[in-house]
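The values are calculated or read from the model by the stated rules, or taken from the named source; none is laboratory data. Worth saying up front: this structure is predicted, and the values here are computed from it rather than measured. Note that we place each Cβ from the backbone using ideal geometry, even for glycine, and neighbour counts take in every protein chain shown. Remember, those area values only see protein heavy atoms, side chains included, never the ligands or the DNA or RNA. Shrake-Rupley method; radii C 1.70, N 1.55, O 1.52, S 1.80 Å.
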Amino acid sequence: MQIRAGVHTGEVETINEKVGGIAVDIGARVAALAGPSETLVSRTVKDLTAGSGLAFEDAGEHELKGIPDRWRLFRVVKEGH
C-alpha cells in the first residue's frame with residue numbers, strides 16, 4: 001500500500017468539535033502535492049525538527065490553493081540519502 005502525507009504545524013481552531021483554521025488548510029494542501037510513498041513538510045516543520053535525525057531535501061516552492069504567498073516544501077528522505 002502506498003500512502004502520501006503532508007505535514008504542517010500551527011494553531012488549530014475547534015468549531016463544533018471539528019478542527020479547522022489555516023494550519024489545517026495548509027496541511028491539506030501540502031498533502032495534496034505529495035506523490036505516492038512521499039511525505040512533504042512545510043518549512044515550519046523542517047525548522048521545528050532540527051536535531052531530530054530526520055533528513056529533508058528541497059521540494060521547491062509551491063502555490064497552495066487559497067493560501068497566500070508561495071511555500072517552500074521539503075521531502076522527508078532516509079538519512080544519508
Which condition does LYS46 not pass, out of (1) open to solvent by 60 Å² or more (accessible area, probe 1.4 Å); (2) assigned to a helix (DSSP H, G or I); (3) out of contact with any Phe, Trp or Tyr (no Cβ under 9 Å at 6 or more places or on another chain), if it passes all the others? (3)
Identify, please: which residue in region 8-21 is open to solvent by 60 Å² or more (accessible area, probe 1.4 Å) and part of a strand (DSSP E or B) and is, among those, modelled with the lowest pLDDT? ILE15
Among the residues of region 71-81, are any of a type in the set (A, V, I, L, M, F, W, C), touching a His at 6+ places or on another chain (Cβ under 9 Å) and open to solvent by 40 Å² or more (accessible area, probe 1.4 Å)? yes
Among (1) open to solvent by less than 60 Å² (accessible area, probe 1.4 Å); (2) touching a Lys or Arg at 6+ places or on another chain (Cβ under 8 Å); (3) in a helix (DSSP H, G or I) - the single one ARG29 does not satisfy: (1)
Name every residue in region 33-77 that is among the charged types (D, E, K, R) and farther than 17 Å from ARG4 by Cβ, in order of residue number. ARG43, LYS46, ASP47, ASP58, GLU61, GLU63, ASP69, ARG70, ARG72
